[in-house]
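Here the structure is laid out as structure tokens; the discussion comes afterwards.
The values are calculated or read from the model by the stated rules, or taken from the named source; none is laboratory data. Since the structure is predicted, the reported quantities are computational estimates derived from the model, not experimental observations. All Cβ positions, glycine included, derive from the backbone under ideal geometry; neighbour counts span all protein chains shown. Accessible surface is based on the protein model in full, side chains and every heavy atom, while ligands, DNA and RNA are left aside. Shrake-Rupley method; radii C 1.70, N 1.55, O 1.52, S 1.80 Å.
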Amino acid sequence: MSLRQLLLRLPCYLGASGPRRGPLDTISSVVSWRGQSSRSPAHWNQVVSEAEKIVGYPTSFMSLRCLLSDELSNIAMQVRKLVGTQHPLLTTARGLVHDSQNNLQLRGLVVLLISKAAGPSSVNASCQSYDMVSGIYSCQRSLAEITELIHTALLVHRGIVNLDELQSSDGPLKDMQFGNKIAILSGDFLLANACNGLALLQNTKVVELLASALMDLVQGVYHENSTSAKENHITDDIGILTWKKQTFLSHGALLAKSCQAAMELAKHDAEVQDMAFQYGKHMAMSHKINSDLQPFIKEKTSDSLTFNLNSAPVVLHQEFLGRDLWIKQIREAQRKGRLDYAKLRETISAGKGVTSAIDLCRYHGNKALEALESFPPSEARTALENIVFAVTRFS
Amino acid sequence: MASCWCRWRRGCSWRPAARSPGPGSLGRAGLSGLRAAAAAAARAQMSYFSLVKSLTSAFPNMCSISRFHHVTPAVCCCSKTRSGEKYTDPFNLGWRDLKGLYEDIRKELFISTTELKEMCEYYFDGKGKAFRPIIVVLMARACNIHHNNSRNVQASQRAIALIAEMIHTASLVHDDVIDDASSRRGKHTVNKIWGEKKAVLAGDLILSAASIALARIGNTTVVSILTQVIEDLVRGEFLQLGSKENENERFAHYLEKTFKKTASLIANSCKAVSVLGCPDPVVHEIAYQYGKNVGLAFQLIDDVLDFTSCSDRMGKPTSADLKLGLATGPVLFACQQFPEMNAMIMRRFSSPGDVDRARQYVLQSDGVQQTTYLAQRYCREAVREISKLRPSPERDALIQLSGIVLTRDK
């Protein structure tokens, strides 16, 4: 069986049934794009598929060298052993496989688009000998893949389980240990491939940028873990400023620095690099806020839909209300130690948290558009604008 | 020695040494040479182990090995200090350049969050022996002196020492989670104190800090050399996950894993500092070969010590590798004499009593001896290579270090 076939069959092995409703999928159901009301995923996918046409071909999940490695088939086999267990790696793997089928690697796509939008440097002609396909240098394509590798590696590492926090409902300890082992190795494998890819770019500034993006990302994931709700559903007291800093680390830094690195590869000057950085940063922030807003915006919400108590609308809600009142509201929404998310959601929606989150999302969207203004008009630039429109429209 | 041959089941049609690869091939051609040797052995209907035996016995001035598990230094250190300078302890010599090593590493870990910083700094407490950084700075000086008699260590070369130690530590942190280890270097592991989730993140963080430091040196060749290490470390772990049926394959698999997990870092760090210090590719290769051979020997002795380090240290041997299901050098050699070990190896010593039985077999066999022989072979090769450099105290220290690798007892 070829590796490609193995990958395509993975969903069956992983016991997947139908497309997973991940955060990226749910955006589309409420996004209204260019005045058209939409309740279907079609419009977000439309934005994405048009963007993919512009950059020449769909962003691949991993470089071919990576796909052909023994390790990947080894990983696939090991992950199969996890079917039937509760280890988070299984969920991550399912999500990744689906994403690769839908070709929804947003970061990679944005890096390619911004590379094309910037075009070759008008000032520095040293890249003239590089080969270019659809207006993008092959080193920039490689960078896009590396960005996705780093993102995926941390996605996998996020799924490690603390063994001393396991409960009987999590299943046998042995399974969790094994799952952890495979998760660590898979993540490390992806990171090693990313490092190799970076070395091949023969540009130490780019290596430094992406390595520092990795450092930011790891710290961001650490904060996510630390500030997540404890037993009593009460999160740490973080204000919106801290939230922004932490969200930049966990969501903004990778895309921002990657966009900047793409400019560096084409030898653009510092100004262009900065504009690319700003686009990446603000676009990622608005994307995250949009994702946080989903539970509060959907028309038909099931009662059991939970939401992250550290998401933008909730943090803003607490900011307006003050800590004590917020804690009181949480307690009121608790019944026998379980949190009634539906009730809490109503409480939050009645406050100013949701509307100010929408405002914040649009603020970042506008900053992203501002950064784009310095790029010459082109199909690629329009696609980048459309992505911003898609994440900032709330009907 | 001759009596040993009777015990080989498959050694009967052993061809004379002329057909087998020469002595240098173990070191020079490295692993591909070993695999070629294994293939040659298979073609010559000779078991891989008898090949190794033939190589080790073909050299009359080979150090005679007694039945003791520890080898005395005087026998093995065949170094000649032509430089005539005073023989100092290599660790002292190396530490002159490494003052502030751990403080500088901690500076690279510029993390604002207290707990995360604490976790990342946990192993950089100045208590480790810093074996790898010592080799790196000694090699840097040896290469610089060889090139143009320069008695300086460049800042970039010193940075390699830091980076090597950081990469090594990052891999240790992850390995401890994978092996569910509770203690290391006399204290609790990061995963036991802070949990597995944070431990994995700490490892990633140290790796990213090492990569930033590497990029800052500004040399793309050096970046390529050291990123190879990161890839090798991961591949080494994967090799450990799998196991081979065929006995000949098993040994080659074991040596490949040993190279990737241990020797690659040392070999490539040595190569990196030589690239920074000297433009001559011959010197780069010497540095690489020294590092590789010392690294392989280091790990082989480590595997031996897992069986032999005992009474005066812990009251009983650790057998940590067996408990993890790993069949290392001594076990693989022992299996030649006791084929009943095959089944245990295949099931990774998972049945009750396997670990103890395997240990007994190993101690009854000459597995420990054979592994030590092999380590000595590698050290001799390392010495042979490094002796090609211009004499200097550092070069001699590196020669001495290879002997220390063989004689340490943890």
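Which of the aspartates and glutamates could a cross-linker span from A:Lys352 if the Cα-Cα distance has to be under 13 Å and same-chain partners fewer than 8 positions apart are dropped?
A:Glu319
Rolling a 1.4 Å sphere over the protein heavy atoms, what is the accessible area per residue of the stretch A:281-393, to the nearest Å²?
Numbers: 5320 Å² over 113 residues.
Using a 1.4 Å probe on heavy atoms only, each residue of the stretch A:281-393 averages 47 Å².
Across peptide B:176-183, how many C-beta atoms of other chains are within 10 Å of each residue C-beta, on average? Could you put the intermediate results ahead of the total?
Values: counts 0, 7, 8, 2, 5, 0, 0, 0.
For this peptide, the per-residue mean of nearby foreign Cβ atoms is 3.
Which links in A:Lys298/A:Lys336; B:Lys197/B:Lys261; A:Lys245/A:Lys328; A:Lys257/B:Lys257 stretch past 31 Å when you go from one Cα to the other?
Cα-Cα > 31 Å for A:Lys257/B:Lys257; rest within.
Give me the one-decimal nm value for the distance between modelled label points at A:Asp237 and A:Asp170, 7 Å along each residue's Cα-to-Cβ direction.
Once both label points are built, they end up 3.0 nm from each other.
To the nearest whole number, what is the average tally of beta carbon atoms from other chains within 10 Å of the beta carbons of peptide B:206-214?
Working: counts 2, 8, 13, 5, 1, 12, 8, 2, 6.
Partner Cβ neighbours, averaged per residue: 6.
What three numbers, in Å, describe the spread of the alpha carbons of the stretch A:201-280 along their principal axes, ordered from the longest?
Principal-axis extents of the stretch A:201-280 (Cα, largest first): 52, 22, 10 Å.
Residues of A:212-224, mean number of Cβ from any other protein chain within 10 Å of their own Cβ, rounded to a whole number? Display every interim value, and only then the final one.
Details: counts 6, 1, 7, 11, 1, 4, 13, 8, 0, 6, 11, 2, 0.
Average per residue, whole number: 5.
In nm, give the distance between the simple-model label positions of A:Gln202 and B:Phe110, each being 7 Å from the Cα along the Cα-to-Cβ direction.
Here the modelled spin labels are 3.0 nm apart.
Nearest 100 Å² is fine: how much accessible area is buried between A and B, summed over both sides, with a 1.4 Å probe? Don't skip to the end; give the middle numbers.
Values: alone 18930 and 18040 Å², together 33210 Å².
The summed interface area works out to 3800 Å².
Sorted by packing (mean other beta-carbon atoms within 10 Å per residue), highest first, where do A:71-80, B:393-402, A:306-315, B:266-275 land?
Values: A:71-80: 18.5, B:393-402: 25.5, A:306-315: 21.6, B:266-275: 29.5.
In descending order of packing, they fall as B:266-275, B:393-402, A:306-315, A:71-80.
Got a sec? Which residues of the stretch A:189-208 lose 20 Å² or more of accessible surface with every protein chain in place, vs. that chain alone, 1.4 Å probe?
A:Phe189, A:Leu191, A:Ala192, A:Cys195, A:Asn196, A:Ala199, A:Gln202, A:Thr204, A:Val207, A:Glu208
Within 10 Å of each candidate Cβ there may be at most 14 other Cβ atoms; applying that plus a DSSP loop requirement, which trypsin sites (Lys or Arg not before Pro) in the stretch B:140-228 survive? Walk me through the numbers on the way to the answer.
Values: sites: B:Arg141, B:Arg151, B:Arg158, B:Arg184, B:Arg185, B:Lys187, B:Lys192, B:Lys197, B:Lys198, B:Arg216; in loops: B:Arg151, B:Arg185.
Passing both the DSSP loop test and the Cβ count: B:Arg151, B:Arg185.
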